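Novice: The structure's right below; bear with me while I get my questions together.
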Amino acid sequence: MYTAISHFIEEWNQEAASTQKVLDALTDQSIQQKVSPEDRSLGSIAWHIVASTPGMLMEFGVTVKGVENELSVPTSAREIAETFRSVSAETSEAIRQQWTDASLSETKNVFGRELQKSSMLNMLIKHIVHHRGQMTVLMRQAGVQVPGIYGPSREEWSQMGMEAPSI
């Protein structure tokens, strides 16, 4: 867990930047991709990350602006990406301004469980990482090049003049 706000902000900024790369790679056509007719579309998952981040922060007791039209998935991949850019920056700033290192050990009932604020921040990061992983699978199915996150993507290996691992 985090013991300093700066540690969270550093990790948030890294994970948000990786999520931004994924969102920036989306196309208007690709956001329609679904695993099955019963599941969310790529755009729905992307918008969920965007719209739920302020909602989670508000649940944690952080004052932020909600996302306009949060229940209506945009048809523009650019709108999704640009909205996340704003949400991400606001997340870092709101935590920096409203919480302290000492407050990270405080607890609050969140989603029916008593959690330390440090655990809440960890949950926020895991949430975007989880859904980002779902998105990359759908991006492959939609024929969109997936950017590398924790290492090179398949296409990036070849751009480096190397063969991508196959096993």
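The values are calculated or read from the model by the stated rules, or taken from the named source; none is laboratory data. Quantities reported herein were computed from a predicted structural model and do not represent experimental measurements. Using ideal geometry, Cβ is built from the backbone for each residue, glycine included, and neighbour counts are taken over all protein chains shown. Please note that ligands, DNA and RNA were not included when accessible areas were found on the heavy atoms of the full protein model with its side chains. Shrake-Rupley method; radii C 1.70, N 1.55, O 1.52, S 1.80 Å.
Novice: Which residues, taken from segment 108-147, are without any contact (Cβ under 8 Å) to a residue 40 or more places away in the chain and either open to solvent by less than 30 Å² (accessible area, probe 1.4 Å) or more than 22 Å from the chain's Cα centre (by Cα) (or both)?
Specialist: If the condition is that a residue be without any contact (Cβ under 8 Å) to a residue 40 or more places away in the chain and either open to solvent by less than 30 Å² (accessible area, probe 1.4 Å) or more than 22 Å from the chain's Cα centre (by Cα) (or both), then 109, 112, 113, 114, 115 are the ones that fit.
Novice: Could you list all residues from segment 114-152 that are within 19 Å of residue 49 (Cβ to Cβ) and not in a helix (DSSP H, G or I)?
Specialist: Matches in segment 114-152: 142, 144, 146, 147, 148, 149, 150.
Novice: Return the total of residues in segment 72-98 being touching a Gly at 6+ places or on another chain (Cβ under 9 Å) and of a type in the set (A, V, I, L, M, F, W, C).
Specialist: Residues meeting the conditions: 3.
Novice: Residue 92 passes all but one of (1) over 28 Å from residue 32 (Cβ atoms); (2) modelled with pLDDT under 95; which number fails?
Specialist: The single condition residue 92 does not satisfy is (2).
Novice: Let me ask another. What number of residues in segment 1-41 are under 14 Å from residue 133 (Cβ atoms) and over 13 Å from the mean Cα position of the chain (by Cα)?
Specialist: Total meeting the criteria: 2.
Novice: Also: Does segment 47-79 hold any residues that are out of contact with any His (no Cβ under 8 Å at 6 or more places or on another chain) and of a type in the set (Gly, Ala, Ser), and which are they?
Specialist: 51, 55, 61, 66, 72, 76, 77
Novice: Oh, and also: How do the pairs read when you match residues in segment 23-39 that are closer than 11 Å to residue 143 by Cα and assigned to a loop (DSSP other than H, G, I, E, B) with residues anywhere that are open to solvent by less than 30 Å² (accessible area, probe 1.4 Å) and among the aliphatic types (A, V, I, L, M), using Cβ under 6 Å and keeping only pairs 6 or more apart or on different chains?
Specialist: Close Cβ pairs (under 6 Å, with a partner that is open to solvent by less than 30 Å² (accessible area, probe 1.4 Å) and among the aliphatic types (A, V, I, L, M)) amount to 26/77; 27/77; 33/42; 33/138.
Novice: So residue 70 ticks every box in (1) modelled with pLDDT of 95 or more; (2) more than 21 Å from residue 133 (Cα to Cα) but one. Which box is left unticked?
Specialist: Just one mismatch for residue 70, condition (1).
Novice: If residue 157 satisfies every condition in (1) surrounded by 14 or more Cβ atoms within 10 Å (Cβ to Cβ); (2) modelled with pLDDT of 95 or more; (3) outside any loop (DSSP other than H, G, I, E, B) but one, which is the exception?
Specialist: All conditions are met except number (2).
Novice: Report, ordered by the first and then the second residue, all pairs with beta carbons closer than 8 Å, sequence separation of six or more or different chains, a first member in segment 152-164 that is more than 19 Å from residue 18 (Cα to Cα), and a second member that is open to solvent by 100 Å² or more (accessible area, probe 1.4 Å).
Specialist: 164/154
Novice: Those residues that are open to solvent by less than 40 Å² (accessible area, probe 1.4 Å) and among the β-branched types (Val, Ile, Thr), I need them from segment 47-99; list them, please.
Specialist: Selection gives 49, 50, 53, 62, 64, 67, 80, 83, 87, 91, 95.
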